[in-house]
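The values are calculated or read from the model by the stated rules, or taken from the named source; none is laboratory data. Predicted model only: the values in this text are computed from it and were never measured. Cβ sites come from the backbone with ideal geometry, for glycine too, and all protein chains shown count toward neighbours. Side chains are part of the model used for accessible areas, which takes the heavy atoms of the whole protein and leaves out ligands, DNA and RNA. Shrake-Rupley method; radii C 1.70, N 1.55, O 1.52, S 1.80 Å.
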Amino acid sequence: MEIRSELRKLSPSGKQKWPILVVILLFTQILLLLSYGDTLRYLLPDGRRLKLPNENNNALMMNNPSQNALLRNTLAVNNVSEVSAGIHVLEKNENVSGFGLRNESEDDEGFVDGVEFESFEDAKDSVIIKEVAGNSDNLVPLDRTVMQNEGVSDSNNGNQVQNVTSVESSMLSAGSSITVPATSVKNLPVSGNSSLLVIKKVSKKKKLRCELPPKTVTTIDEMNRILVRHRRSSRAMRPRWSSKRDEEILAARKEIENAPVLTNERELYPPIFRNVSMFKRSYDLMERMLKVYVYKEGSRPIFHTPILKGLYASEGWFMKLMEANKHYTVKDPRRAHLYYMPFSARMLEYTLYVRNSHNRTNLRQFLKEYTEHISSKYPFFNRTDGADHFLVACHDWAPYETRHHMEHCIKALCNADVTAGFKIGRDISLPETYVRAAKNPLRDLGGKPASQRRILAFYAGSMHGYLRPILLQHWKDRDPEMNIFGRMPFGVASKMNYIEHMKSSKYCICPKGYEVNSPRVVESIFYECVPVIISDNFIPPFFEVLDWDAFSVIVAEKDIPRLKDILSSIPEEKYAKMQMAVRKAQRHFLWHAKPEKYDLFHMTLHSIWYNRVFQAKRR
């Protein structure tokens, strides 16, 4: 009413004062937008932020040296000034400037290694990324908060469920910012005369896929039959146009299939291979003719930033060694037989995932846009629908993130689950290696000889997933020969005790965690202990060339109650041969700063090459 009376007073005085009033109102609105613009941008549905007119719409070119901000879809931060001071998105070949992340643990064992980034998992699975190209002490903490939208998604498929009417009480933690839809709040009951809003849990929490046993089980024998079937009949599409490289690959396949039988092989240990003659011929051809083009597109830290320590070291070590390799890589993509997309699945998760949001859709969308970018810039992806492209990823979410848009690519995955889209004969089971020292990845290598191993079986670890509690239920403190424990306490002494147990045990139990893969498989080989793999539907590493029956024991999950009987029934003579095979296989599971013949880098590259050779088709 007061505003109306004022307007009436102004109207008789003439129209010349109306423009002044409009200007004042517009100026007020502009001030409000400048003050609260960053906040308002994150109030859009699904966490999408408003695009400013001067921002680049290309998701792959998000960085700008003149801007001190990290522009990422659905990434909510608690203090924008900390982001602008602490993080820059880095282009390939740019200098590192102010790149820092917060470490949530006191257990800091970081190493500085030349001019590379190095990050690791500490005892609490937290991550540090250190700046080593500039001032390594210039680390600025980054606190990420959770902003819950109206859409809460299922962690298995990322699909959103709208109109949430309940919020888990566990989500109401200090430091978290939670937004509850008004339509939901008004329907919630208030207890008595209390002024506090009581939020009730109205639905039972749905169990995640990783918390339940698989609905179907593919035995190791069935996996072998699938491999043979897919070798005979390739499922890859025919190229849209012919290429000289296809003819070279098909000629290599003919040579491999007709490889002469090796009768006196000294370099390799034949019992651990499916067919040592074919492997040897294929490896020699790879060394002689394989050329790889590494895409330069993509910004750090998701691209071109190898993680060299911790659980996800495999994808980082391969990335570092592949990008630095001069024997296999070429600058001209027309000369390449294979194309490498060098992204880190771990850094993708760390950079883009909103903690506790249970929504990974934006991670998959990011890789989709990257794939569309390289397919529009180059003709090579479209020629085969990506069948001659490959990726190397060790994070558990990689199968989901690369689904559909990278479906025909060769995927080297640690999470090699036959029920989660892993294609036997095309995809590669990548060994998950826990590297404790990036400067010396071979630290503590080796173990006691078979005659000095007094412990029948050993396991110690966290209770991840549904299977490990079952293992402890049956065997913890039940038998002196079965050293089965939960997680050991933190500290150097516990780590050394863990290592000593693996060096002194005949069999090292490798049960699955949340996913089918476990770093204990490679750890066992590292410490010359026969691995006992308990993980239904898990394809063992380098399945296409290695015979795992020669140096491991594969036990079905349902047979955990019979575990000791199974291991005790193995004759000592057979165990001695298996332990010898583990020692011979060890060289194929080791990272070296400078790659060596038949090591883990070359074995990974060979399996990618080998599967491509048997999947390639003519136009």
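Listing for the model above:
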{"quantity": "Residue among 461, 545, 568 farthest towards the positive dipole end of the range 450-589, charges placed on Cβ", "calculated": "461"}
{"quantity": "Residue-wise HN-Hα coupling along the range 543-551, computed from phi with Karplus coefficients 6.51, -1.76, 1.60 (Hz; x: Gly, Pro)", "calculated": "4, 6, 10, 9, 9, 6, 5, 7, 9"}
{"quantity": "Alpha-carbon centroid distance for the pair the range 271-295 / the range 396-441, whole angstrom", "calculated": "20"}
{"quantity": "Rounded to 5, the percent of DSSP beta bridges in the range 450-589 classed as antiparallel", "calculated": "0"}
{"quantity": "23 Å Cα-Cα threshold exceeded, pairs from 309/506; 503/584; 439/577; 296/411; 448/574", "calculated": "309/506; 439/577"}
{"quantity": "Backbone HN-Hα couplings from phi across the range 211-216 [Karplus 6.51/-1.76/1.60, Hz, Gly and Pro as x]", "calculated": "9, 10, x, x, 6, 10"}
{"quantity": "Alpha-carbon centroid distance for the pair the range 301-366 / the range 566-619, whole angstrom", "calculated": "23"}
{"quantity": "The range 450-589, accessible surface, carbon-and-sulfur percent (1.4 angstrom probe)", "calculated": "53"}
{"quantity": "Rg and Dmax [Cα atoms of the range 231-303; Å; Rg one decimal, Dmax integer]", "calculated": "16.8, 50"}
{"quantity": "Rg(Cα) / (2.2 N^0.38 Å) computed for the range 450-589, rounded to two decimals", "calculated": "0.97"}
{"quantity": "3J(HN,Hα) from dihedral phi, the range 413-430, Karplus parametrisation 6.51/-1.76/1.60, rounded to Hz, x for glycine, proline", "calculated": "10, 5, 7, 8, 10, 5, 8, 10, x, 5, 9, 5, x, 10, 7, 10, 7, 7"}
